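The values are calculated or read from the model by the stated rules, or taken from the named source; none is laboratory data. Here the structure is a predicted model, which means the values were calculated and not measured. Positions of Cβ are backbone-derived with ideal geometry, glycine not excepted, and every protein chain shown enters the neighbour counts. Side chains included, ligands, DNA and RNA excluded: accessible areas come from the protein's heavy atoms. Shrake-Rupley method; radii C 1.70, N 1.55, O 1.52, S 1.80 Å.
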Amino acid sequence: MARRLFNHEKKDLTKTLKVRKEQMQENEAEMESYIGHPVERIGDSRERKESDEDARIQQEMWASRQKAVPVCDYNWKDSHWADRTERQLSEICSRRGMPGYGPKAAMLKWLDTGKIDYQDMYMGGLTRICHERGIVYKESDKKIELVRRLTEADEAAESG
């Protein structure tokens, strides 16, 4: 029963659409005779403008991706840990007490030198360190803000 009703409505809708398109073409022809030039269809120009805007946004996104810099600029190619996977390195670093976490280059830097900069870490690692130290932060804070708060806390701990 429902299928019959659906098919009937579908046929009715197609017939109505066909009639409306014919009426629109007749009205366009009449309008063009009144104004003396072709009528611009609003939908066509809007779609064109939207697709142009979409293309511009995609271009900007692609350009911003090309300008991306790595999180950590440590040259880890010569490290004897370099053949390990990121998961293995993460497990090794967590067992050895690395504060927070970051990309493979940051983990290798910490394993090789014993030091890691806050800028080399992922945002999740920074929030975890802030939480463990009791440093107040907002979820909306940017990475640079967390780095600033952590370095201020380190300086306060050293001086006091």
Going toward the positive end of the dipole of segment 84-130, with +1 on Lys and Arg Cβ and -1 on Asp and Glu Cβ, which of 113, 97, 123 do you reach last? 97
Average accessible surface area per residue within the chain, 1.4 Å rolling probe, Å²: 81
Computed, not fitted: 222 nm per-residue ellipticity of the chain from DSSP H runs ≥ 4 (each -39500 (n - 2.57)), nearest 500, equal to -23000 deg cm²/dmol
Sum of side-chain charges, residue 128 neighbourhood, beta-carbon under 14 Å (Lys, Arg +1; Asp, Glu -1): 0
Over all Cα pairs of the chain, how is the pair count split among 5 Å bins, expressed in % and running from 0 up to the last occupied bin? 1, 7, 10, 10, 9, 8, 7, 5, 4, 4, 4, 6, 8, 8, 5, 3, 1, 0
Using Cα pairs closer than 8 Å and at least 6 residues apart in sequence, work out the relative contact order for segment 71-160, in percent. 26
0 to 90° range, to nearest 10: angle between helix 143-159 axis and the chain longest Cα axis: 20
Could you pull out every one of the aspartates and glutamates with an alpha carbon less than 12 Å from that of residue 77, ignoring same-chain neighbours closer than 8 positions? 112
GluC sites (Glu not before Pro), loop per DSSP, at most 13 other Cβ atoms within 10 Å - longest free stretch of the chain: 41-138
Using a Förster distance of 45 Å, the FRET efficiency for residue 113-residue 64 (Cβ separation, nearest 0.05): 0.90
Helix 104-113: angle to the longest alpha-carbon principal axis of the chain, degrees 0 to 90, nearest 10? 10
Could you give the length gained on full extension between residue 23 and residue 82, defined as 0.36 nm per residue of separation minus the Cα-Cα distance, in nm? 14.1 nm
Looking at segment 85-149, which trypsin sites (Lys or Arg not before Pro) are in a loop (DSSP not H, G, I, E or B) and have at most 11 other Cβ atoms within 10 Å? 115, 138, 142
